[in-house]
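Take a look at the structure below.
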Ligand SMILES: *[C@@H]1O[C@H](CO)[C@@H](O)[C@H](O)[C@H]1NC(C)=O
């Protein structure tokens, strides 16, 4: 080994040390374990479902979204999740050190005071301040806004102001800001710049056409393409929804959880009291059937195909509404099925992906599609884009938090 080699090795070693330490310091305080480049597999959990084993569920998630709290008219927080729920979430995080927890704000029927709070500078400030305190107190990693729904231009503009102020306050603390939107809703470039993620609620899409599958693969793809086609939202910020519940094909108000469907299948097979794992007692086709007595849902295979599509489009990830409806058993769980594709343990075959799984009679229909189809090629690889973005930010001397 000559001097030249030794000097080179020394330089290389120094470089490695610098790279490793800069990688560490990029992540926020307390966030050393959280890998923000990981494909997101998030699960919402409403307060009325905390009877499930939250730590066990957290094993198959990157993000647990607690549903929910809401604004009171004076900008204080109204709690639907209680302290026991928050404690269970904190424990799940303790048991799964890579798990992020996020608090959802609002939701259907819980959005009455958004307009009042968002319209006024003082109440906005108070609300954002209380959300920050809540995150710090319970070691929560971010806030997901779910005003359902702003009804006019004014409401959209004050919503964007609220999101913007929340992001400005939370981001420097290393906390995420996201917003939940229905297919077809947009916040424009300015709104999307104020959030780290958009959770697109790609389900309940049968109302628009008066029947059929509420979350078929075609409608799912078209809702994504429509969102990206506007060119305002970077794909890596987009997280798309997978339902863990079925909706009747014609009686649209009738829903059943994935767990209820599995339990009915067990009953029909006369296997309820038989010993052994559920997966072995069911017809093996259950993983690829998304219809049961006119109730249409995502089976494991269609949930996995959606996940695989989201990955191929360079999206940030997928989320499940909601994991309390899942049947948390090995080889039966929808969340587990999604996670093994999300984390790359299972790669779907070309044959599985090329057949749009939509059995005859379930009425796939289509959501709406005005934009030309985008391909993964159009978008480039997600990793590459994230890397470029980090470099741009670094050059601009900004705090990096993706
Ligand atoms: C991927 O997810 C599955 C299901 O949660 C888990 O069993 C497996 O260990 C994970 N693999 C990796 C490499 O993280």
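The number of residues in the stretch 101-134 that are in contact with a helix residue (DSSP H, G or I) (Cβ under 8 Å, 6 or more places away or on another chain), in a strand (DSSP E or B) and farther than 17 Å from residue 150 by Cβ comes to 2. Might you check whether a residue that is within 16 Å of the ligand (Cβ to nearest atom) and either in contact with a helix residue (DSSP H, G or I) (Cβ under 7 Å, 6 or more places away or on another chain) or modelled with pLDDT under 95 (or both) occurs anywhere in the stretch 356-368? Checked the stretch 356-368: no residue is within 16 Å of the ligand (Cβ to nearest atom) and either in contact with a helix residue (DSSP H, G or I) (Cβ under 7 Å, 6 or more places away or on another chain) or modelled with pLDDT under 95 (or both). Scanning the stretch 41-66 for residues that are over 18 Å from residue 139 (Cα atoms), within 13 Å of the ligand (Cβ to nearest atom) and assigned to a strand (DSSP E or B) yields a total of 1. Checking each residue in the stretch 202-235 for being surrounded by fewer than 21 Cβ atoms within 10 Å (Cβ to Cβ) and within 15 Å of the chain's Cα centre (by Cα) picks out only 235.
Report yes if some residue within the stretch 20-36 is outside any strand (DSSP E or B), surrounded by fewer than 21 Cβ atoms within 10 Å (Cβ to Cβ), away from the ligand (no atom under 16 Å from the Cβ) and modelled with pLDDT of 95 or more; otherwise report no. Scanning the stretch 20-36 turns up no residue that is outside any strand (DSSP E or B), surrounded by fewer than 21 Cβ atoms within 10 Å (Cβ to Cβ), away from the ligand (no atom under 16 Å from the Cβ) and modelled with pLDDT of 95 or more. Kindly establish whether residue 344 is modelled with pLDDT of 95 or more, within 16 Å of the ligand (Cβ to nearest atom) and outside any helix (DSSP H, G or I). Yes; evaluated as a whole, the condition is true for this residue.
For residue 252, are the conditions met, namely being surrounded by 17 or more Cβ atoms within 10 Å (Cβ to Cβ) and in a loop (DSSP other than H, G, I, E, B)?
No; evaluated as a whole, the condition is false for this residue.
Flag: residue 336 matches the condition of being within 16 Å of the chain's Cα centre (by Cα), surrounded by fewer than 23 Cβ atoms within 10 Å (Cβ to Cβ) and either within 16 Å of the ligand (Cβ to nearest atom) or assigned to a loop (DSSP other than H, G, I, E, B) (or both).
Considering 174, 142, 184, 188, the condition of being at pLDDT 95 or above and surrounded by fewer than 21 Cβ atoms within 10 Å (Cβ to Cβ) is satisfied by 174 alone. Residue 266: surrounded by fewer than 20 Cβ atoms within 10 Å (Cβ to Cβ), more than 16 Å from the ligand (Cβ to nearest atom) and more than 21 Å from residue 64 (Cβ to Cβ), yes or no? Yes.
Residue 168 satisfies every condition listed in (1) surrounded by 24 or more Cβ atoms within 10 Å (Cβ to Cβ); (2) within 25 Å of residue 127 (Cα to Cα) except (1). Can you confirm whether the stretch 193-212 contains a residue that is part of a helix (DSSP H, G or I) and in contact with a strand residue (DSSP E or B) (Cβ under 9 Å, 6 or more places away or on another chain)? The answer is no; no qualifying residue exists.
Scanning the stretch 213-243 for residues that are part of a loop (DSSP other than H, G, I, E, B) and under 27 Å from residue 288 (Cα atoms) returns 213, 214, 215, 216. Only one entry in 92, 70 is under 26 Å from residue 257 (Cβ atoms), within 16 Å of the ligand (Cβ to nearest atom) and at pLDDT 50 or above, namely 92.
The values are calculated or read from the model by the stated rules, or taken from the named source; none is laboratory data. The structure presented is a predicted model; accordingly, all values stated were derived computationally and were not measured. Heads up, the Cβs are rebuilt from the backbone with ideal geometry, glycines too, and the neighbour counts pull from every protein chain shown.
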